Amino acid sequence: MDTPSKATLAALRLSLVRGVGTHISRKLMDACGSVANIWDCSVDDWAAIPGVGPKLIEMLQTPHSDEIQ
């Protein structure tokens, strides 16, 4: 079995964040350069993106392992 790419894992992780749909995903990817780069950004980087507020930032920072099981 092949190991998933960094981009694939980053996209999966993003898809599991509550409150992130296609619109916010696109804004994050556009601002960060790629789906993989989203996870390398700081809270300040996320906060500078229109439509990304404190609640969404908290969700981006919080792993939801119960949803992965």
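The values are calculated or read from the model by the stated rules, or taken from the named source; none is laboratory data. Because the structure is predicted, anything quoted here is derived from the model rather than measured. We place every Cβ from the backbone using ideal geometry, glycine too, and count neighbours over all the protein chains shown. Surface areas here come from the heavy atoms of the whole protein model, side chains and all, with no ligands, DNA or RNA. Shrake-Rupley method; radii C 1.70, N 1.55, O 1.52, S 1.80 Å.
Contact order, relative form, for the chain: 33 percent (alpha carbon pairs under 8 Å, 6 or more residues apart, mean separation divided by residue count). Helix 22-32 axis versus longest C-alpha principal axis of the chain: approximately 80°, rounded to the nearest ten. The residues of the chain expose, per residue, 68 Å² of accessible area to a 1.4 Å probe.
Computed from the C-beta positions of Asp2 and Asp40, the FRET efficiency with R₀ = 35 Å rounds to 0.90. Candidate values (1) 11.1, 36; (2) 12.1, 34; (3) 11.9, 39 were compared with Rg and Dmax of the Cα atoms in Å computed on the shown model; the agreeing label is (3).
For the chain, the mean residue ellipticity at 222 nm estimated from helices alone is -15000 deg cm²/dmol, where every DSSP H run of n ≥ 4 contributes -39500 (n - 2.57) and the total is divided by all residues, rounded to the nearest 500.
Here the accessible area of the chain is 56 percent carbon and sulfur, with a 1.4 angstrom probe and all protein chains present. Extension gain for Ile57-Ser15 works out to 13.7 nm (0.36 nm per residue, less the C-alpha to C-alpha distance).
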